[in-house]
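**Student:** Have a look at the structure that comes next, please.
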Amino acid sequence: MNPEKFQEQILNNAVQMDASVNFQLNGNMLIVPCPWESDKEVTNGERVRYRGGIEVDADGRTRVKRYRDGSKGPLHETLYETAHGAVKITRPIYRKKDDGYGHRAGERRMDQEFVYVTFKFPKKYGLALTKALYQEEADEIMSYFKTRKEETIWK
């Protein structure tokens, strides 16, 4: 089997170049071919984009940019933890502008805020022990909810 039949050909051909690599503080990399490699053509005269944030110009100038994961900060805030469980809430979301339907700018979007209760028990505990621990920790979490009743906005 010829593996080239199954791979999309993005560049003209395999070209080896001398280049300088600059690693930037924000996690990006800039790869620039050396000046004596200017006669080599890597693409068909236009920029080619790869998956993963890689850009290759016609002269071989390559930019590798990292994914923007975690740029919005943590999505959940932990309110309460037990030995095997956790209560998390999504961060408050506020309206940026008036929407014309009676909702004002700066108002909280209660329809997009959620409370999550998660439990993680190891499989080695067995069913009986897991059920007993679940009952104890569920009671503990429910008592936490009862103490927060006045402070938390519930639907």
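The values are calculated or read from the model by the stated rules, or taken from the named source; none is laboratory data. Keep in mind that this is a model prediction, so the values were computed, not measured. FYI the Cβ positions are ideal-geometry reconstructions off the backbone, even for glycines, and counts take in every protein chain you see. Calculation scope for accessible area: heavy atoms of the full protein, side chains included, ligands and nucleic acids excluded. Shrake-Rupley method; radii C 1.70, N 1.55, O 1.52, S 1.80 Å.
**Student:** Just to be sure I understand, how many residues within segment 126-146 are open to solvent by less than 70 Å² (accessible area, probe 1.4 Å), outside any loop (DSSP other than H, G, I, E, B) and farther than 22 Å from R91 by Cβ?
**Tutor:** 6
**Student:** Would you point out the residue of segment 104-123, among those that are open to solvent by 70 Å² or more (accessible area, probe 1.4 Å) and part of a loop (DSSP other than H, G, I, E, B), that is nearest to Y144 (Cα to Cα)?
**Tutor:** Going through the qualifying residues, I end up with F114.
**Student:** State the number of residues belonging to segment 122-145 that are touching a residue at least 60 places away in the same chain (Cβ under 8 Å) and in contact with a Phe, Trp or Tyr (Cβ under 6 Å, 6 or more places away or on another chain).
**Tutor:** The total comes to 1.
**Student:** Moving on to the next point. Could you look through segment 94-103, keep only residues that are touching a Lys or Arg at 6+ places or on another chain (Cβ under 8 Å) and open to solvent by 60 Å² or more (accessible area, probe 1.4 Å), and pick out the one that is farthest from E137 (Cα to Cα)?
**Tutor:** Among those residues, the one meeting the criterion is D98.
**Student:** Okay, next question. Checking A83 against (1) at pLDDT 75 or above; (2) surrounded by 12 or more Cβ atoms within 10 Å (Cβ to Cβ), only one condition comes out false. Which one?
**Tutor:** Single failed check for A83: (2).
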